[in-house]
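Student: I'd like to ask some things about the structure below.
The values are calculated or read from the model by the stated rules, or taken from the named source; none is laboratory data. Just so it is clear, the model here is predicted, and its values are computed rather than measured. When we count neighbours, we look across all protein chains shown, and the Cβ atoms used for this are built from the backbone with ideal geometry, even at glycine. These area figures cover heavy atoms from the full protein model, side chains too; ligands, DNA and RNA do not enter into them. Shrake-Rupley method; radii C 1.70, N 1.55, O 1.52, S 1.80 Å.
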Amino acid sequence: MNKLYLFAFCLIFQFSCSAPPLSGEGQRITYEKVVLVSEAKPKNVILLIGDGMGLTHVTAGSIVKKTPLALENFRHIGLVKTYSTKLITDSAAGATAMATGKKTYNGAISMDIHQEKLKTILEYAEDNNWLTGVVTTSTVTHATPACFYGHQPTRSNVNRALAAEFLTKDIEVLMGGGWNYFKDGPDGRDLIEEAVAKGYFVTDTIVEGDQYLPERMICLISPMLPPRLAERGDFLPLATKKSIDILSHNNSSFFLVGESAQIDWGGHENKSDYIVEEMLDFDRSIQIALDFAKKDGNTLVVVTADHETGGYSINQGDLKDGSIETGFTTDYHTASMVPVFAYGPGAESFAGIMDNTEIFYKLKYLMNL
Ligand code: MG
Ligand code: ZN
C-alpha cells in the first residue's frame, strides 16, 4: 500500500498592517493556506512551466498529436488559481508567486508589494547545496526565468541588470536567449568574460549527442528573443536533457526550472498553430524529464502554468485527422485556473485546487528547505 498520510495542515497567516490598500478585486492576498499531504523527500525536483498554458492548450496538443501526451502519464493533477494583486496576472507576478509564495503586483520580479526582495525556492535550494538550473525558450532574463534568481521592481528594461544579478549567484546551468544582455555593455563590463572567469562553459549552441558535461554551463542561443521552433529546432528538449545530465552527474540533489515561454506568445498572437507547435515541443521536453524521473525513482516532476493566455477554445475538429477549429476571447491573459501535473515522490501534494503561491510552499516542504 502506498504510504499516503494526511500529514500536515499548515496555516500560515501573514498580516501586513503597514501594507497600502491593494488595487484589484478584493481577492484574498494576505494569507496562504498550504495543504501538504505527502512527507516524501524527493532527491531532485524538476519544475516545468508552460507560460500561458491553459487546459485548452493541453487539449489542442493532445488532439493534434493524435497519440497520448507525456502529460497523460501523470496521475496527480490539480488546478491552480493564478491571480496576482489583480485578477489577471502577468508572467512576472505569476512566476513570483510560484517562486516565492507571495502574491505581488504585475511586473514584479520576485519583489513584494513594498518592493522588498523575496527569497526564491531556487535561492533556498542553492543555500542548501542543491545544484540548480534555469532553462527557457525566451531570453534568460525574461520574467518567468528571472523570477527564480532575480529581484527587480519592474520587468521592463532590466535585462542587463538581471544578467549581472545572475552572475552574483552560483546557479550551475542557464539556457535560453539573450546573448546581447551578457556581452560587453555600456557599463564597461563583459558578462560573458566574467561568466567564463567564474567557471562557466559559455556557448551559443546545443548539439544533440554532445557528451561534454561541464560543471557549469551557460548557453545563449540568440542575441535577444529566441526564434520560433522552425528556426531554433529541438533546443528545449536538448537543453532539458543537457541540464539534467549536468545537474545529475555527480549525484547531488538538483532543482531545475524549465519554461516553454512561447505557448504564451502564440496565445497573444491568437495563432492556434503557434500554440500547438510550442505545446508539442514542451511535451517532448516533459517526456525527457519524465524518462529521467522514472529511471531515477527519486525525482519529483511538476508541470504547471503561470496563467492562461488567449481565452483559447476548441469549437470544432476531428480526432481522426487531428484537426481543430479554434477561437480566442482576448489577446491577453485570462483568469482561468491552470492545470498542475505532478509525478514522483511527493506528487500527491499537488492534487486539488490551490493558489499559485502554494506551489512554493509545497516544494519548499518537500525539498526540506
Ligand atoms: Mg514567460
Ligand atoms: Zn503573456
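Student: Looking only at segment 88-119, count how many residues are without any contact (Cβ under 8 Å) to a residue 40 or more places away in the chain and crowded, with 24+ Cβ neighbours inside 10 Å.
Tutor: 2
Student: Scan segment 227-242 and tell me whether some residue there is of a type outside the set (Asp, Glu), touching a strand residue (DSSP E or B) at 6+ places or on another chain (Cβ under 8 Å) and farther than 25 Å from HIS307 by Cα.
Tutor: Taking every residue of segment 227-242 in turn, at least one turns out to be of a type outside the set (Asp, Glu), touching a strand residue (DSSP E or B) at 6+ places or on another chain (Cβ under 8 Å) and farther than 25 Å from HIS307 by Cα.
Student: Out of (1) under 26 Å from ALA239 (Cβ atoms); (2) in contact (Cβ under 8 Å) with a residue 12 or more places away in the chain; (3) surrounded by fewer than 24 Cβ atoms within 10 Å (Cβ to Cβ), the odd one out for ALA161 is which?
Tutor: With (1) under 26 Å from ALA239 (Cβ atoms); (2) in contact (Cβ under 8 Å) with a residue 12 or more places away in the chain; (3) surrounded by fewer than 24 Cβ atoms within 10 Å (Cβ to Cβ) applied to ALA161, the lone miss is (2).
Student: Considering only residues that are in a loop (DSSP other than H, G, I, E, B) and either under 23 Å from the mean Cα position of the chain (by Cα) or at pLDDT below 95 (or both), look in segment 298-329 and name the one that is surrounded by the fewest Cβ atoms within 10 Å (Cβ to Cβ).
Tutor: Selected residue: ASN298.
Student: Can I ask one more? SER336 passes all but one of (1) surrounded by 24 or more Cβ atoms within 10 Å (Cβ to Cβ); (2) in a loop (DSSP other than H, G, I, E, B); (3) of a type in the set (Ser, Thr, Tyr); which number fails?
Tutor: Evaluating SER336 over (1) surrounded by 24 or more Cβ atoms within 10 Å (Cβ to Cβ); (2) in a loop (DSSP other than H, G, I, E, B); (3) of a type in the set (Ser, Thr, Tyr) leaves (1) as the failure.
Student: Within segment 39-58, can you find the residues that are open to solvent by less than 30 Å² (accessible area, probe 1.4 Å), assigned to a helix (DSSP H, G or I) and within 16 Å of ligand 2 (Cβ to nearest atom)?
Tutor: Selection gives HIS57 alone.
Student: Residues in segment 243-297 that are in a helix (DSSP H, G or I) and either within 16 Å of ligand 1 (Cβ to nearest atom) or among the hydroxyl-bearing types (Ser, Thr, Tyr) (or both): how many?
Tutor: 17
Student: Continuing with the same structure: Taking the stated definitions as given, is ARG189 open to solvent by 70 Å² or more (accessible area, probe 1.4 Å), within 16 Å of ligand 2 (Cβ to nearest atom) and either touching an Asp or Glu at 6+ places or on another chain (Cβ under 8 Å) or of a type outside the set (A, V, I, L, M, F, W, C) (or both)?
Tutor: For ARG189, the condition - open to solvent by 70 Å² or more (accessible area, probe 1.4 Å), within 16 Å of ligand 2 (Cβ to nearest atom) and either touching an Asp or Glu at 6+ places or on another chain (Cβ under 8 Å) or of a type outside the set (A, V, I, L, M, F, W, C) (or both) - is not met.
Student: What residue, among those in segment 59-87 that are open to solvent by 10 Å² or more (accessible area, probe 1.4 Å) and under 21 Å from GLU348 (Cα atoms), is farthest from ligand 1 (Cβ to nearest atom)?
Tutor: Looking at residues that are open to solvent by 10 Å² or more (accessible area, probe 1.4 Å) and under 21 Å from GLU348 (Cα atoms), I get ARG75.
Student: Let me ask something else about it. Collect the residues in segment 51-78 that are in contact (Cβ under 8 Å) with a residue 24 or more places away in the chain, under 28 Å from SER323 (Cβ atoms) and touching a Pro at 6+ places or on another chain (Cβ under 9 Å), keeping them in residue-number order.
Tutor: Once the filter is applied, which keeps residues that are in contact (Cβ under 8 Å) with a residue 24 or more places away in the chain, under 28 Å from SER323 (Cβ atoms) and touching a Pro at 6+ places or on another chain (Cβ under 9 Å), segment 51-78 yields MET53, GLY54, LEU55, VAL58, LEU71, ILE77.
Student: If you don't mind, there's one more thing I want to ask. What are the pairs with Cβ atoms under 9 angstrom where one residue, in segment 238-262, is buried (at least 24 other Cβ atoms within 10 Å of the Cβ) and the other, located anywhere, is basic (Lys, Arg)? Sequence gap at least six, or different chains.
Tutor: THR240/ARG284; PHE254/LYS43; GLN262/ARG228
Student: Output the residue which, of all residues in segment 136-155 that are among the small types (Gly, Ala, Ser) and away from ligand 2 (no atom under 14 Å from the Cβ), is nearest to the chain's Cα centre (by Cα).
Tutor: Per the criteria, the residue is ALA146.
Student: Looking at segment 264-278 only, could you name the residues that are touching a residue at least 60 places away in the same chain (Cβ under 8 Å), open to solvent by 50 Å² or more (accessible area, probe 1.4 Å) and away from ligand 2 (no atom under 12 Å from the Cβ)?
Tutor: ASN270
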